[in-house]
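The structure appears below as structure tokens.
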């Protein structure tokens, strides 16, 4: 488990910021607060709906141009906690020249082959627009700048055909990562199934999960994988975390996902990946113990907070943020 002092160090950066949320009018005044010196802006709405998603996206969308990839975790068949289709459809239809993007899995589930993956996409209701399985035609290596584990990462080849990326994430727990935020969505979700995901997991094969990497080394691999994608898109990538149906399990667990105990909190969005994931963790950690316990245990038992500290070390964003309520 993480020490109490370590946990406090992650929470204190958001304490003032989350106090700002209340001051900024969560009762419906709609006031906004400009970010202070040296702080990143994280937008927040309690409105988990198509309208709420469109409003919060409008605050971070300035750099999104050209052909746009919306990176979504589409989930295993019939997953009970995946994002509502109407919300995602509204965003996709709002963004010109956009479509959903995914990659195949390393584990042998219902998204392991492109054919099975396309069937699962249909079953889960994501066929309202084209869904680009980015590694359908193979993979390509892109640089990891400043990494200590990787100098390059293998991603789905089609990723290079996009000008911008919107990372739309269902924030929740995760069996190996502790939690799955924007970092996990692109770290695993843009890496191709055959090569990139195997690199991140340091997997000897596709079946022996017990020998896959875990703990802090896995978190660091994820961070470096995500950095490759962020560096590729530069200022043309933005991050949205939807804090809804937060099971301790990822949407890759499908119908076997553990029951949800935490209340829905809202939507957080930023152009800063560290700020949005830090703000999401801070908000979750403010839940009452009965709702927080299982998520906290999952996050800390997997050393998931290392995602945040290593992003900071890799200069991928700012953990000092101010929440702007909309």
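The values are calculated or read from the model by the stated rules, or taken from the named source; none is laboratory data. Computed from a predicted structure; not experimentally measured. When we count neighbours, we look across all protein chains shown, and the Cβ atoms used for this are built from the backbone with ideal geometry, even at glycine.
So here's what we get for this one:
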{"quantity": "Pairs where the first residue, in region 122-146, is touching a residue at least 12 places away in the same chain (Cβ under 8 Å) and at positive phi and the second is surrounded by 14 or more Cβ atoms within 10 Å (Cβ to Cβ) and assigned to a loop (DSSP other than H, G, I, E, B), C-beta under 8 Å, 6+ apart", "calculated": "138/192; 146/314"}
{"quantity": "Selection count where residues are surrounded by fewer than 20 Cβ atoms within 10 Å (Cβ to Cβ), within 24 Å of residue 187 (Cα to Cα) and in contact with a helix residue (DSSP H, G or I) (Cβ under 8 Å, 6 or more places away or on another chain), scope region 267-302", "calculated": "2"}
{"quantity": "Selection count where residues are modelled with pLDDT under 80 and either assigned to a helix (DSSP H, G or I) or closer than 18 Å to residue 186 by Cα (or both), scope region 203-220", "calculated": "2"}
{"quantity": "Near pairs, Cβ below 6 angstrom, 6+ apart or cross-chain, from region 287-311 (at negative phi and without any contact (Cβ under 8 Å) to a residue 40 or more places away in the chain) to any residue that is buried (at least 19 other Cβ atoms within 10 Å of the Cβ) and in a loop (DSSP other than H, G, I, E, B)", "calculated": "287/262; 291/262"}
{"quantity": "Qualifying position, being crowded, with 21+ Cβ neighbours inside 10 Å, part of a loop (DSSP other than H, G, I, E, B) and touching a helix residue (DSSP H, G or I) at 6+ places or on another chain (Cβ under 6 Å), among 248, 200, 223", "calculated": "248"}
{"quantity": "Long-range neighbours under 8 Å by Cβ, at least six apart or interchain, first residue at positive phi and modelled with pLDDT under 65 within region 27-55, second in a strand (DSSP E or B) and surrounded by 16 or more Cβ atoms within 10 Å (Cβ to Cβ)", "calculated": "30/325"}
{"quantity": "Qualifying residue in region 105-120 (condition: crowded, with 17+ Cβ neighbours inside 10 Å and closer than 19 Å to residue 165 by Cβ)", "calculated": "no"}
{"quantity": "Condition broken by residue 154, with the remaining ones in (1) in a strand (DSSP E or B); (2) within 17 Å of residue 68 (Cα to Cα) satisfied", "calculated": "(2)"}
{"quantity": "Check on residue 263, part of a helix (DSSP H, G or I) and touching a residue at least 24 places away in the same chain (Cβ under 8 Å)", "calculated": "no"}
{"quantity": "Meets criteria (surrounded by fewer than 18 Cβ atoms within 10 Å (Cβ to Cβ) and on the phi > 0 side of the Ramachandran plot) for residue 178", "calculated": "no"}
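Residue-by-condition table, conditions (1) assigned to a strand (DSSP E or B); (2) under 19 Å from the mean Cα position of the chain (by Cα); (3) under 30 Å from residue 216 (Cβ atoms):
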site: 53; (1), (2), (3): no, yes, no
site: 89; (1), (2), (3): no, yes, no
site: 93; (1), (2), (3): no, no, no
site: 105; (1), (2), (3): no, yes, yes
site: 109; (1), (2), (3): no, no, yes
site: 158; (1), (2), (3): no, no, no
